[in-house]
Every structure is written in structure tokens, then in C-alpha cells.
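Trainee: Have a look at the structure that comes next, please.
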Amino acid sequence: MTVRGVRGATTVELDEAQIVHDATEALVIEMANANKVAPEDIVSVIISTTTDIASAFPAKAVRSIKGWKYVPVMCTHEMNVIDAMPFCIRILMHINTDATQKEIQHIYQKDAVKLRPDLQK
């Protein structure tokens, strides 16, 4: 087994705590399912948001998922780049896996699919 990074991103319509929580939870669950990863296989999760998201800690959403309480999670803000996609949540999940880097399934939802069209199936 080796450690691999799984990338994911999603967007929210507006900065409200429940919306941020729901979007984060949906994204991490899809990332884990697509890569056949259980919480105990996750080394860590780093979540960044654009600076227009300030209503909630997305890490709290991850820790509240059943079985994810002990997954190490950290939040931060993205650089405030001119013309960057607004209301965006990005995730880098480090996992223990036998999958090759090419086999990793990166997940982009909603408007965030525009960030990495080369990874869309």
C-alpha cells in the first residue's frame, strides 16, 4: 500500500452553514466511495474554501459523518486570486491504497467541474 492524493471540489450557491456542510459531506462521501476507501484508510483531509465562505468549518461536516470522527481534517482558505471561481470548496484527501496514481478517481461537482475538465469522465 502507498499513500495517494485524491482531489475534489464543489461549489455552493451561497455562504450558509448548512449549505456548506451538506456540500462538503456529499463531496467527501463521493470521493471515498469512488475510490473504495473506508475512513480508516484515510490518512488526512485538507479542505480549502474561497474567502467568500466564512459561515462554517467544512471540517466539522467531515467529522460528523458516521465513522469519520477520528479522520484528521484541517481547513484553510484559498488564495484570493482575481477572477477565481467563487463559493468553492476544494479537498485533498490522502489515502492508503493499492491503486496507481492513474487509477485514482478525482471528483468535481457542480460548477467546480470547470476547474479540471481533463479529469472528467
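The values are calculated or read from the model by the stated rules, or taken from the named source; none is laboratory data. Since the model is a prediction, treat every value here as computed from it, not as a measurement. Neighbour counts are summed over all protein chains in view; Cβ atoms, including those assigned to glycine, are modelled from backbone coordinates with ideal geometry.
Trainee: Of the residues D111, D98, only one is modelled with pLDDT of 95 or more and under 15 Å from the mean Cα position of the chain (by Cα); which? So that I can check it myself, show each step before the final result.
Mentor: Working: D98 fails: under 15 Å from the mean Cα position of the chain (by Cα).
Just a single option satisfies the conditions, and that option is D111.
Trainee: Another question, then. (1) part of a strand (DSSP E or B); (2) at pLDDT below 95: which one isn't true of M74, the others all being true?
Mentor: Result: M74 fails condition (2) only.
Trainee: Looking at region 40-58, which of the residues that are out of contact with any strand residue (DSSP E or B) (no Cβ under 6 Å at 6 or more places or on another chain) and of a type in the set (D, E, K, R) is farthest from M1 (Cα to Cα)?
Mentor: Start the filter on region 40-58 by keeping residues that are out of contact with any strand residue (DSSP E or B) (no Cβ under 6 Å at 6 or more places or on another chain), which leaves 40, 52-56.
Those still in the list that are of a type in the set (D, E, K, R) too: 40, 52.
Details: E40: 13, D52: 38 Å.
Filtering first and then ranking leaves D52.
Trainee: Listed residues S48, S55; which is within 26 Å of Q18 (Cβ to Cβ), at pLDDT 95 or above, surrounded by 12 or more Cβ atoms within 10 Å (Cβ to Cβ) and more than 16 Å from the chain's Cα centre (by Cα)?
Mentor: On the way: S48 fails: more than 16 Å from the chain's Cα centre (by Cα).
Sole residue among the options that is within 26 Å of Q18 (Cβ to Cβ), at pLDDT 95 or above, surrounded by 12 or more Cβ atoms within 10 Å (Cβ to Cβ) and more than 16 Å from the chain's Cα centre (by Cα): S55.
Trainee: From K69, K36, grab the single residue that is in a loop (DSSP other than H, G, I, E, B), at positive phi and either in contact with a strand residue (DSSP E or B) (Cβ under 9 Å, 6 or more places away or on another chain) or surrounded by fewer than 13 Cβ atoms within 10 Å (Cβ to Cβ) (or both). Walk me through how you get there before you give the answer.
Mentor: Details: K69 fails: at positive phi.
When all the criteria are applied, what remains is K36.
Trainee: Under 8 Å between Cβ atoms, at least 6 apart or on separate chains: pull out the pairs that start in region 31-46 with a residue that is free of Cβ contacts under 8 Å to residues at least 60 places away in the same chain and end on any residue that is surrounded by 15 or more Cβ atoms within 10 Å (Cβ to Cβ) and assigned to a helix (DSSP H, G or I).
Mentor: Final answer for the pair search is A38/A32; P39/A32; I42/A32; V45/V28; V45/A59; V45/V62.
Trainee: Also, I was wondering about something else. Taking the criterion of being surrounded by 16 or more Cβ atoms within 10 Å (Cβ to Cβ), touching an Asp or Glu at 6+ places or on another chain (Cβ under 7 Å) and aromatic (F, W, Y), would at least one residue in region 85-97 satisfy it?
Mentor: Yes; the residues of region 85-97 include at least one that is surrounded by 16 or more Cβ atoms within 10 Å (Cβ to Cβ), touching an Asp or Glu at 6+ places or on another chain (Cβ under 7 Å) and aromatic (F, W, Y).
Trainee: Residue by residue through region 1-33, note down the ones that are assigned to a helix (DSSP H, G or I), under 13 Å from the mean Cα position of the chain (by Cα) and not charged (D, E, K, R). Before you say what the answer is, go through the steps one by one.
Mentor: Start the filter on region 1-33 by keeping residues that are assigned to a helix (DSSP H, G or I), which leaves 17-33.
Filter again for under 13 Å from the mean Cα position of the chain (by Cα), leaving 20-33.
Matches in region 1-33: V20, H21, A23, T24, A26, L27, V28, I29, M31, A32, N33.
Trainee: Quick check: anything in region 83-91 modelled with pLDDT under 95, of a type outside the set (K, R) and farther than 18 Å from T2 by Cβ? Before you say what the answer is, go through the steps one by one.
Mentor: We begin by selecting, within region 83-91, every residue modelled with pLDDT under 95; these are 83-84.
If we keep only those that are of a type outside the set (K, R) as well, we get 83-84.
Okay, now just the ones that are also farther than 18 Å from T2 by Cβ, so 83-84.
Among the residues of region 83-91, at least one is modelled with pLDDT under 95, of a type outside the set (K, R) and farther than 18 Å from T2 by Cβ, which makes the answer yes.
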